[in-house]
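Heads up, the thing below is written out as structure tokens.
The values are calculated or read from the model by the stated rules, or taken from the named source; none is laboratory data. Every value quoted in this text rests on a predicted model; they were computed, and no experiment measured them. Cβ sites come from the backbone with ideal geometry, for glycine too, and all protein chains shown count toward neighbours.
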Amino acid sequence: MTDPLIDHQIDASGLQCPMPLLKTRQALRHLNAGQVLEVIATDAASAKDIPSYLRQSCHQLVRCDEQPGRWIFLIRRGERES
């Protein structure tokens, strides 16, 4: 399976909770439905916070890659605003 085209990227490296999640939510508001956001985070809380938020929203977690001390999320923007 090939990765989807990334429409926007935010690098939240070095930011502590709750900033990676807040930056993710803000970035998703500026995308159109179906567009893909890549989020890079180094805060371990992001590994739980971002997927938890996405489960409660209309957005889809396409993939989460964990590397030592770093998480990369691919998120597809949902249809409705959240």
Selected residue (criterion: modelled with the lowest pLDDT) from residues of the range 30-82 that are basic (Lys, Arg) and out of contact with any strand residue (DSSP E or B) (no Cβ under 6 Å at 6 or more places or on another chain): Arg80
Where Ala27 falls short, out of the listed (1) in contact with a Leu (Cβ under 7 Å, 6 or more places away or on another chain); (2) modelled with pLDDT under 95; (3) hydrophobic (A, V, I, L, M, F, W, C): (2)
Residue check for Ile10: surrounded by 14 or more Cβ atoms within 10 Å (Cβ to Cβ), of a type in the set (Val, Ile, Thr) and at pLDDT 95 or above: yes
Qualifying positions in the range 21-66 - surrounded by fewer than 18 Cβ atoms within 10 Å (Cβ to Cβ) and among the polar types (S, T, N, Q): Gln26, Asn32, Gln35, Thr42, Ser52, Gln56, Ser57, Gln60
From Gln9, Gln56, residue being of a type outside the set (D, E, K, R) and over 10 Å from the mean Cα position of the chain (by Cα): Gln56
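Just to be sure I understand, how many residues within the range 46-78 are touching a residue at least 40 places away in the same chain (Cβ under 8 Å) and either among the β-branched types (Val, Ile, Thr) or closer than 17 Å to His8 by Cα (or both)? Spell out how you get there, then give the answer.
Here is the first cut: in the range 46-78, the residues touching a residue at least 40 places away in the same chain (Cβ under 8 Å) are 62-63, 70, 73-78.
Subset that is either among the β-branched types (Val, Ile, Thr) or closer than 17 Å to His8 by Cα (or both): 62-63, 73-78.
Residues in the range 46-78 being touching a residue at least 40 places away in the same chain (Cβ under 8 Å) and either among the β-branched types (Val, Ile, Thr) or closer than 17 Å to His8 by Cα (or both): 8 in total.
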